[in-house]
Structures are given as C-alpha cells and as structure tokens.
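This report concerns only the one structure given below.
The values are calculated or read from the model by the stated rules, or taken from the named source; none is laboratory data. Here the structure is a predicted model, which means the values were calculated and not measured. For neighbour counting, all protein chains shown are included, and Cβ atoms are generated from backbone atoms with ideal geometry for every residue, glycine included. We work out accessible area using only protein heavy atoms, side chains counted, and drop any ligands, DNA or RNA first. Shrake-Rupley method; radii C 1.70, N 1.55, O 1.52, S 1.80 Å.
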Amino acid sequence: MSDEQLQSKEFEAEVSRLLEMMIHSVYSESEVFLRELIANASDACDRLRYMQQTDEELQKLGQDFQVDITLDKDAGTITITDNGTGMSQDDLVEHLGTIARSGTRAFAAMLEEKGESGAAGIGQFGVGFYSAFIVASEVEVLSKAAGKPEVSRWVSDGTSGYRVGPAEGAEFLATHGTRITLQIRENQQEYLDVSRLKQVVKKYAEHIAIPVRLIEVKDGATEVPEEVNAKGALWARNKNEILDKEYADFYRGLTHHFDEPAHIIHYHAEGRMDYSVLLFVPQEAPFDLYNGEREAQVKLHVKKMFITDKAEILPGYLRFVKGLVDCTDLPLNISREMLQNSPQVVALRKAVTNRVLTEMNKIAERMPEQFEKMFEKFGPVLKEGLYEDHERKEDLLELIRFRTTTQEGWRSLKQVKEDMKEGQQKIYYITGRSREEIDASPHLEGFKSRDIEVLILSDPIDDFWVNMVHEFDGTALASVTRAGEELKEVAKNDQAGQPDGDKAADGGAMVPEIKKATLIAAIRQALKDDVADVKLSERLTDSPVCLVSDHGGIDLNLEKILAAQGQSIQAKRILEINPDHPYILGLARRSEEKGFADEIREPARLLHDLARVMDGEAPSRPKEFVKAVTSLLQK
Ligand code: ADP
Ligand code: MG
C-alpha cells in the first residue's frame, strides 16, 4: 500500500486502548467483524438512497446497490466493497478516528469493569468498524464520496494511529462508494478458507435487503460471483417457510439489539393496498425506552427498498415494537412531505396500529404469562396511549394490567370488575410514588375493611391518564381519595378492625349521632379557613382522620406533582374523621361537656396537620404542630 501522500494521525486515547483489548483478547467471536462491515456497507447504501430523494445530481448515480466480498487467498486479503455514500477525507477522519457508537462505548465500559476476561462477550455489542482489527493486521479504506471527485485513503495497523490522505491513481474504478481491504492476521487464516468465509457471510448477510455477493480471486482471475442472500427479503417470504432462527437473526440485524424477539407479528395484506408487515416485540427493554426518542421507528420500505424510519407507522406508545413495513403501492421517490400527508400512509398507520393491538389482545388471551412478561417491560409505555389515543382508549383499557391491593399478580380491568363486591358501584384506584407509600395510605383503610380490590397506580404516567379515563365498560373509575358515602353500601368484612380504644371507659363504642354532629360542627368551625368541609368517614378504620378531594376537585397526587413543578392549584379539601377512633370519641365527649369553640380549636388543627403529614405533606402551621405534639408528649 503506497503511502507518500498520507498524513499520520493518532487515534483518540480510548480508541487505541479499545483496539488493543479487542485484538489481543477476543478470538472466539472474531467473526463479528463481518457483521459490522456488512452492516456499514448496507447502511451506506441506504443512506445514499435516502439522499437521492432530494438531490437530483445523486439520482444520476442510479440505485443498483451492491455489496461485494472478495477473497484473495494468495494475497491474504478480504475486501468489502459497496457503492453507498462513500466518505471524503474529512469523513474518514471523523468517522474512523473516533469512537462513534454507543455499542462500542458500552463494550469499552465492560472491559474497564471486567478486564480482559470480559472481552469474550464481544458478540453482544455493536463494536463497529474497529472490529476489523480483530482479524486484520492492517486495514486500508479507499473511499469516494458520492458526488465528489476525489478518492481518499485511510490506512492503519490498529495500534496507535492511522494515516490518511488523497489516493490519486489508486486502483478504484467505482463512481462512488467504499472499499475496505483487510490484511488477514497469521492466526486468523480460517477466514481465507472460502467455505468458512461463505458460512459467516451468509449468516450476517442473508437478510440484508441489498444483494451481497461473494467473489473468489484465484490465480489472479475472478471467479463467478455468488449471490449470498438470494433468498430475498425475509418479510416477503411465506411465514411457514421461515425458521425461528432466521427471524431472530433478522431481528438482531435490523434493530442492533442482541436479545431474541419475544413476539413476532408477520403478515401480508392485500386489497386496497398491498403490503407486508414484519414486527417484533423485544424481550428486553432498550436502555433509552423512556428518555430516548419518543417516535416509533418502524422502517418503511417500498418494493423492498428502504425509504425511511421516520414515517411514524406506529404511535409513540408502541415505540417498543420494532420492525418494518413494505408497501408496493407507494412511489419509490416519496418525499418527506408526501409521507406526512399521503392518504395511503395514513391508512397504513391505522391498519398496522390496529393489527398490533389485536395481536396483543390475542397474546393476552392465549398466553397470559407471556403477555404479562411483556407488560412488565413495556406497560408504562403502553399506558401513554390512554391519554394520547382517544380512538383506541377502550382497546387499550382492555390490554392494560394492574397490580391491586387484594390480589397477587397482574389483573385486567375485566377481572377487577367481575370481582366487585356487592353494593360496590365503582372501580377504585390509588395513585402514589411507591408501593410502600400506597400501602401506608389511610385512604385505603375503608377499602381494606371491606375487601374491596383497589388498583395500585404507581407509574409516573398514571397520574396523567387517570384524569382522562373516567370509566371502564360502563363502570366508573374513581380515586380512593374521592370515595365517600357510597362505601356504606358495601358490607364490612368480619375481621374489620375496630380501633382498639378503651371502649369501656366510653360506655361502649357507640357515640350518639347527635354528639357526632356537634363534633363535626365544632371542627368545621375551627378549620373553616383550611378545609372545604368536615365529614364523617366511611373509609377509615385505624387512622383518626384523612384528607380527601372534593368530587369535582383535582386528585391529590396530581396536585402534588403539579405543586412540585411550581404549579400550585391546591383546592381546599375535605377532612374526614373516623367516628370510631378513641381520640375522636374522647373529643366528641369533651365537645359536648364543655361547649366547643376554644376547647376544640387546637385539637382540630392538630388533626388537620396530622392528615397532611400522612399524605406526605408538611403541616400547615409547623410551629403550632410541634408545640401541640410536644405538649402531648409531656402528658
Ligand atoms: P456505526 O455504524 O454504528 O455508526 P461504525 O464504527 O461501524 O459505527 O462506523 C462509524 C461510521 O463510519 C459510520 O457511522 C459511517 O459514517 C462511517 N462508515 C463506516 N463504514 C462505511 C462505509 N462502508 N461507507 C460509508 N461510511 C461508512
Ligand atoms: Mg456500523
């Protein structure tokens, strides 16, 4: 490789360290270099096709995309050639001189942690271009950016740096594209064996949409090229003829995930529009499921050619579903604007989204355990649909699963509805930040004592949709903080806890209605600036008091979230008191004996602050609160 014109540059520190580790510790999985280089070649062709949509000059280059892998045993080289975008000299420096992708970084981080022994797992990472050095002692890249005249060369032995510069006169006949030549290492000669090479190329190229050929050079002459992926695009084939393994390989190639697909949705639609759909639900959630792009990235193909992954075929709440749609009825040169407005694309979105939900329903019915596993990973994302997709709210409500206060495992709303107690009119839920916080909530007491199943909503997303979903199948959904009177209609269970107060001293638990009414009036008077009302509670069994929202008011938890964002819209709430609690009983007696006003004021405020504290809020009058508690302690 002649190199007078080349300029020497050093790798970034982390690149050379990574290369070092890769070359010296990984032999067992060395074949991944082909996966990476073929993927890059195919990506480069896809990118050029995309650029051609808006660039007439580039359109002249045509669309006969092709990836060739050439084996020259005598020279000891393997060459990967593509006619994709190609790279200018600046591109070569920028793209091949730095660590580009997250997979490489994740791999480097693992090496950092586990040392060299960890390198055995390299196959799980997308290590990119550098993997070439696992098998090559020297790598030469010749490249010509599409639409530009000059050819550039990049050479490196993968130790400390690389040389880069113009490559005039280089034997590079193509009009554009990239040719990567690997000088195979002594200890990697297996790849110079044509049958071994073919096996690996087949494995990684089989499902690439662009034709990949294997070419052998013998005695300086080129043998007839063999097309390796002649079976054609996987999604266009008949479902019954496709092996699980083929699906899995395809899925990994397409998504750069390294797990197996948990579910596969593959079908051909004919009629007003002809299209094929191949979608996967992954087993594992990607690390950026919640903080990455919200748009689903289902790829759109037209007549097997990749067009874009920005066609928003699926809504954001199905972004965990990966795959592609191939439509025969769209023009190949469809533009971005056309994509947005085309009635065909709109129809495609609708049909594919409906189908995905139908398939999920089937999985839920036929394979509930598998569905729950999926829900475990992706449920919170799916719930976004409840406030986003009004049209499909009902379908989504059927799919969503819940943890509840009385049952183990996941429950559907249908099940919860079927198991409603006699007299129970609504399905209740409780929102909160954690299961622990929820379990300790006084709001649940009246539900526990009646064995009423309450949905536990502890995902952040829950606070948003509950305000838009008011019923399921004709039954109202209501927050426990808004339940009230209607609980009376449900009988308490036998063990329902009466608070173990000193009943004898009270002359029995019963306090006459009249006493309760006086007490309520007294507390109402004392707290008239703090609460909207004071009521007897149907829900409390152990705690003396709790705060609830007014029926029209905003849910407590949402109020807290908004307050945390600085949007205070705190509506006054209702203080409910537990007439069976010993402290309340005592208070009722005193209020009657001594007349109320002053006598009740302090205890009433204390009770109100106590209720706030139980909801995770600060007392409204901290000083008074502390004083009252301290004086209690002294007694
Ligand atoms: P990734 O493919 O994840 O971006 P790589 O290390 O495999 O990471 O490649 C780095 C970059 O080098 C690519 O993003 C691309 O810009 C460029 N590149 C690599 N191979 C080619 C190729 N055959 N043609 C054009 N560009 C390429
Ligand atoms: Mg790559």
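In region 211-241, the qualifying residues are those that are within 27 Å of His266 (Cβ to Cβ) and in contact with a helix residue (DSSP H, G or I) (Cβ under 7 Å, 6 or more places away or on another chain), and the one that is modelled with the highest pLDDT is Val212.
Any residue at all in region 203-219 that's open to solvent by 60 Å² or more (accessible area, probe 1.4 Å) and more than 19 Å from Ala39 (Cβ to Cβ)? Looking through region 203-219, at least one residue is open to solvent by 60 Å² or more (accessible area, probe 1.4 Å) and more than 19 Å from Ala39 (Cβ to Cβ). Selection of region 261-275 for residues being out of contact with any Ser or Thr (no Cβ under 7 Å at 6 or more places or on another chain) and surrounded by 21 or more Cβ atoms within 10 Å (Cβ to Cβ) yields only Pro261.
Results for (1) within 22 Å of the chain's Cα centre (by Cα); (2) under 22 Å from Thr54 (Cβ atoms); (3) within 16 Å of ligand 1 (Cβ to nearest atom), shown as yes or no for each residue.
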| position | (1), (2), (3) |
| --- | --- |
| Ile265 | yes, no, no |
| Leu300 | yes, yes, no |
| Phe306 | no, yes, yes |
| Pro315 | yes, no, no |
| Val352 | yes, no, no |
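If you filter region 26-73 down to residues that are crowded, with 17+ Cβ neighbours inside 10 Å and polar (S, T, N, Q), you find that the one that is nearest to ligand 1 (Cβ to nearest atom) is Asn40. Scanning region 126-163 for residues that are within 21 Å of Glu31 (Cβ to Cβ), of a type in the set (A, V, I, L, M, F, W, C) and within 14 Å of ligand 1 (Cβ to nearest atom) gives Val127, Phe129, Ala132, Phe133, Ile134, Val139, Val141. Pairing each residue of region 229-254 that is touching a residue at least 60 places away in the same chain (Cβ under 8 Å) and among the β-branched types (Val, Ile, Thr) with any residue that is open to solvent by less than 30 Å² (accessible area, probe 1.4 Å) and assigned to a helix (DSSP H, G or I), provided the two are 6+ apart or on different chains, yields no C-beta distance under 8 Å. Evaluating Leu6 against the criteria (1) modelled with pLDDT of 85 or more; (2) of a type outside the set (D, E, K, R); (3) open to solvent by 40 Å² or more (accessible area, probe 1.4 Å); (4) more than 16 Å from ligand 1 (Cβ to nearest atom) leaves one unmet condition, (3).
Quick grid of which residues meet (1) over 25 Å from Thr308 (Cα atoms); (2) polar (S, T, N, Q):
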| position | (1), (2) |
| --- | --- |
| Met338 | no, no |
| Ser342 | no, yes |
| Ala347 | no, no |
| Glu376 | yes, no |
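Counting only strands (runs of 3 or more DSSP E) that sit wholly inside region 415-497, those with at least 1 residues that are charged (D, E, K, R) are 426-431.
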